[in-house]
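One structure is given here, and the rest of the page talks about it.
Only the coordinates and a few stated rules stand behind these numbers; no lab work does. Predicted model only: the values in this text are computed from it and were never measured. FYI the Cβ positions are ideal-geometry reconstructions off the backbone, even for glycines, and counts take in every protein chain you see.
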Amino acid sequence: MGMPMPKMTIYVPDDLKSRMDAAEAQEPKPNWSALAQEAFGLECARADNRRKGAGKMNAMIERLRKSKERASNEEQVRGHAAGRAWAQGMAEFDELTRLKDAFAEETGLVDEFFPKHVVEIIVDDGGESWDDTNRWWRDHADELNASPAFAAAFLEGALEAFGEVEDQLN
C-alpha cells in the first residue's frame, strides 16, 4: 500500500454539486479524486511551463519589439516614397494645397495619421466611404490597406516634394 495522501477540501457551486450527485447514481461511478488529481496535475504542469518560460519572455518581447520597429520603418519608407511619387506624378495643385493648408499649423506631422482623413482632405468631399478610401490608396499609392504609419509618411513625402517646387509655381 502506498503512502497516505493528504486530504483537501474544495468548493463547488450548488448546481455542479447536484450534477455530480446525479452522475454518482450511474455506473461506472466517477472517481472524483482521480479526476481532480488529473486536473490539478495539468494546471501544475502549465504553471511549471510558465515559470520555466518566464526568462525567455524578455527575449521574446525584445525580439518582437525589434520586428515591430523594422516593419514600421519599412512601412514609413514605402509611404514616404509613395507620397513623393504621387505628388510628382499624379497630384493636382489644389490637392497638394489642401494637404499643406490642413497641416500648416502643425509643427510636425504626427507619427500616425488616420488614412481615411488623408483621403478626405485630398479629395475634399468629406464623404469618402471605407471602400472609396481603400480604392484611393490602391490607385494612388499602390497600397491595398494603408496603415496610419504609411499614411503619415505618405503625407510627409507628398508635402516635402510639394515644398521643393511650390515657390517656382508663381
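For segment 20-37, name all the residues that are surrounded by 10 or more Cβ atoms within 10 Å (Cβ to Cβ) and either in contact (Cβ under 8 Å) with a residue 12 or more places away in the chain or aliphatic (A, V, I, L, M) (or both).
Result: 20, 23, 32, 35, 36.
Among 82, 91, 59, 87, which is of a type in the set (A, V, I, L, M, F, W, C), out of contact with any Pro (no Cβ under 6 Å at 6 or more places or on another chain) and more than 23 Å from residue 163 (Cα to Cα)?
Values: 82 fails: more than 23 Å from residue 163 (Cα to Cα); 91 fails: more than 23 Å from residue 163 (Cα to Cα); 87 fails: more than 23 Å from residue 163 (Cα to Cα).
Residue meeting the stated conditions: 59.
If I go through segment 43-91 residue by residue, how many of them are within 30 Å of residue 122 (Cβ to Cβ) and either polar (S, T, N, Q) or part of a helix (DSSP H, G or I) (or both)?
Initial filter on segment 43-91 (within 30 Å of residue 122 (Cβ to Cβ)): 68-91.
The next check asks that each one be either polar (S, T, N, Q) or part of a helix (DSSP H, G or I) (or both); those that pass are 68-89.
Residues flagged as within 30 Å of residue 122 (Cβ to Cβ) and either polar (S, T, N, Q) or part of a helix (DSSP H, G or I) (or both) within segment 43-91 amount to 22.
Do we find that residue 35 is more than 30 Å from residue 147 (Cα to Cα) and either touching a helix residue (DSSP H, G or I) at 6+ places or on another chain (Cβ under 9 Å) or of a type in the set (A, V, I, L, M, F, W, C) (or both) in this structure? Reasoning before the result, please.
On the way: more than 30 Å from residue 147 (Cα to Cα): yes; either touching a helix residue (DSSP H, G or I) at 6+ places or on another chain (Cβ under 9 Å) or of a type in the set (A, V, I, L, M, F, W, C) (or both): yes.
Against the criterion (more than 30 Å from residue 147 (Cα to Cα) and either touching a helix residue (DSSP H, G or I) at 6+ places or on another chain (Cβ under 9 Å) or of a type in the set (A, V, I, L, M, F, W, C) (or both)), residue 35 qualifies.
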